[in-house]
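Novice: The structure under discussion is supplied below as structure tokens; questions concerning it will follow.
Bear in mind these aren't lab numbers, they're just calculated from the coordinates by the rules spelled out. Keep in mind it's a predicted model, so treat the numbers as computed, not measured. A quick note on method: Cβ atoms are made from the backbone with ideal geometry, for glycine too, and the neighbour counts reach across all protein chains shown.
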Amino acid sequence: LSFCQCNLCTEDIYALALNSLPPRYIQASSVRSYRDSVNYIDERLVVEKVQEAVSKVSKNPNHG
């Protein structure tokens, strides 16, 4: 997968991917119990959202 990796595109990818995931606020000491909870966000979903963001930014880069 080839895409622009400039700072602006990278930040756009981060923002799009994070905005498409539900927020989860946990304490570091609670990670183990979070993994077993219904609120757990599976790594596959995170990867999927990052891939979608890369595709979207690649098609429409925000280069001023």
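Novice: Extending each Cα 7 Å along its Cβ direction at HIS63 and ILE41, get the distance between those two points in nm, one decimal.
Specialist: For the pair HIS63/ILE41, the computed spacing is 3.0 nm.
Novice: What dipole magnitude, in Debye to the nearest 20, does the chain give about its Cα centre under +1 on Lys/Arg Cβ and -1 on Asp/Glu Cβ?
Specialist: The dipole of the chain has a size of about 80 debye.
Novice: Pulled fully out, how much extra length does the chain show between GLN27 and CYS6, if you take 0.36 nm times their separation in residues and subtract their Cα-Cα distance?
Specialist: 4.3 nm is the gain from fully extending GLN27 to CYS6.
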